[in-house]
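The values are calculated or read from the model by the stated rules, or taken from the named source; none is laboratory data. The structure presented is a predicted model; accordingly, all values stated were derived computationally and were not measured. Counting neighbours? That spans all protein chains shown, and the Cβs are built from the backbone with ideal geometry, glycine included. Just so you know, the surface numbers come from the protein's heavy atoms only, side chains and all, with ligands and any DNA or RNA stripped out. Shrake-Rupley method; radii C 1.70, N 1.55, O 1.52, S 1.80 Å.
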Amino acid sequence: PELQYRQYQVVGRKIPTESDPTPPMYRLKVFAQDEVFAKSRFWYYMNRLRKVKKSVGEVLRVIEIKEKSPNQVKNYGIWIRYDSRSGTHNMYKEARGTSLNGAIKEIYEEMGSRHRARHSVVQIVKTDIIPAAECRRDNTTQFHDSKIAFPLKHRLPRSNKKSHKSTFKA
Amino acid sequence: LSNSTMVFKRFVQIGRVARVNFGKDEGKLCVIVNVVDLGKVLVEGPIEYTGVNRQKISIKRLDLTDFVVKVPLGARAGTVKKALEADDIVNKFKQSSEGKKLEIQKARAEMNDFDRFKLMVAKKTRTRAVKVKLAELRKSG
């Protein structure tokens, strides 16, 4: 089964005490494969950004955010913070696709391949749908053409049945 | 570099009619309505007309045909259906050499033992007729 990123919204807060009966609630949107990891990342960020630990806090709700328009091609802009071997950097990357989850998966794979950055050191800071005119990467804007046409030059024969599949193709 | 001198005649483009060659929609026709990137396109049947849902599909799963319909970028099911009906693409494809070959392949795959027997008898009859005629012509010089 292929690795699939899902987007979760995790809402949580510090457990109310006598001195603080209504602590503020915080919401985190996170990309994870399952709710367990989503909640784990929630506490990771709560620790660092809001000084709330899992032992004194509670998760109120975890909801999966589904794609609103899975059959519409969109340009996604993704702002990243990641640790390289010698420091931590910000990055802006674009991905073109029909779903944000698919775009995020591409970005994680790209970070792994181009920068050797594993999942744990990559933080997705912000994601947004970018209109075509505002895209900054040539790789994305080259597809903004209603008259786009390209041939399929190097087609390899592929079997459509598992029984016809072979490891080596002549 | 004009299109007439190009080696390639079939392009991935908006409106290109393609045939799905892998998966549950194998063998069905669809129209490319948008290009996601070099490996994936957004495709529309529409589902009531050719049986292919609007979906992102890998180009590896498509075989491009000779036919292109005029649809705008991101065209929806109604527009695609009208364009396919106006050019009668489904029938034109069935009558094309590619379409005919596919029907023959399909018929061959669906043969039962009796069909194969009938085929064997037909081949034998034809070969025999050719051989008899050939012997006749040889004899007469």
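Brief remarks follow.
- Electrostatic tally near A:Tyr8: other residues with Cβ closer than 12 Å to its Cβ, Lys and Arg +1, Asp and Glu -1, net +4.
- Residue-level accessible surface for B:Asp66, protein heavy atoms, 1.4 Å, Å²: 100 Å²
- Cα gyration tensor shape of the range A:70-167, rounded if a/c is under 1.5, else prolate or oblate by comparing a/b with b/c: oblate
- Dipole of the protein assembly as shown, positive direction: furthest Cα of A:Gln4, A:Ser99, B:Met6, with charges on the beta-carbon: B:Met6
- The residue among A:Ser159, A:Val125, A:Val59 whose Cα reaches farthest toward the positive pole of the charge dipole of chain A, with charges on the beta-carbon of Lys, Arg, Asp and Glu, is A:Ser159.
- Ordered from highest to lowest accessible area with the whole protein assembly present and a 1.4 Å probe, B:Phe22, B:Phe114, B:Phe11, A:Phe42 read as B:Phe114, B:Phe22, B:Phe11, A:Phe42.
- The range A:11-92: equivalent-ellipsoid semi-axes (sqrt of 5 x gyration tensor eigenvalues, Cα, Å): 28, 20, 11
- Inverse mean reciprocal Cα-Cα distance (Kirkwood Rh) of chain B, Å: 17.8 Å
- A:Arg155 accessible area, assembled protein chains, probe 1.4 Å, Å²: 100 Å²
- Full-stretch length increase - A:Ile15, A:Lys29 - with 0.36 nm per residue and alpha-carbon distance subtracted: 3.0 nm
- Cut-off 12 Å between beta-carbons: net charge of the residues surrounding B:Ile14, Lys and Arg +1, Asp and Glu -1: +1
- Placing a pseudo-label 7 Å from each Cα along the Cα-to-Cβ vector at A:Leu49 and A:Ser120 gives an inter-label distance of 2.1 nm.
- B:Met120 - accessible surface, heavy atoms, 1.4 Å probe, Å² rounded to 10: 90 Å²
- Each Cα pair of the protein assembly as shown feeds into the Kirkwood radius, which the Stokes-Einstein equation turns, at 25 °C and 0.890 mPa s, into a diffusion coefficient of 101 µm²/s.
- Occluded residues from the range B:46-66, i.e. those whose accessible area drops by 30 Å² or more once the chain is not alone (1.4 Å probe): B:Arg54, B:Lys56, B:Ile59, B:Lys60
- Charging the Cβ of each Asp and Glu at -1 and of each Lys and Arg at +1, and nothing else, the dipole of chain A about its Cα centre rounds to 540 debye.
- Rule-of-thumb Rg ratio for the range A:1-157 [Cα; 2.2 N^0.38 Å; N residues]: 1.26
- Accessible surface ranking that places the most exposed of B:Lys123, B:Lys9 first, with a 1.4 angstrom probe: B:Lys9, B:Lys123
- If you run the Gaussian network model on chain A, springs between alpha carbon atoms under 10 Å, then out of A:Thr22, A:Thr140, A:Thr127 the most flexible one is A:Thr22.
- What you get for the protein assembly as shown, charging only the Cβ of Lys and Arg (+1) and of Asp and Glu (-1), is a dipole of about 1360 debye around the Cα centre.
- Protein-only accessible surface order, largest first, of A:Glu94, B:Glu26 at 1.4 Å: B:Glu26, A:Glu94
- Area hidden from solvent between B and A (accessible, protein heavy atoms only, 1.4 Å, total, Å²): 2000 Å²
- Principal-axis tilt of helix A:35-50 within chain A, Cα atoms, nearest 10 degrees: 60 degrees
- Taking a point 7 Å from the Cα of A:Gln4 along the Cα-to-Cβ direction, the residues of the range A:10-34 with backbone N closer than 12 Å to it are A:33-34.
- Seen against the Cα atoms of chain A and their longest principal axis, helix A:100-115 is set at about 80 degrees.
- The range A:109-148 residues near the modelled A:Tyr92 label - backbone nitrogen below 16 Å, point 7 Å along Cα→Cβ: A:125-141
- Checking the cross-link pairs B:Lys24/B:Lys118; A:Lys161/B:Lys28; A:Lys74/B:Lys28 against a 22 Å limit on the alpha carbon distance flags B:Lys24/B:Lys118; A:Lys74/B:Lys28 as lying beyond it.
- Estimated FRET transfer efficiency (A:Ala132, B:Lys92; beta-carbon r; R0 45 Å; 0.05): 0.85
- Label-to-label distance for B:Arg138 and A:Lys66 is 7.4 nm, based on points extended 7 Å past Cα in the beta-carbon direction.
- Other protein chain C-beta atoms within 10 Å of residue C-beta, averaged over A:145-157: 5.
- Chain B - percent of accessible surface contributed by carbon and sulfur, probe 1.4 Å: 56 percent
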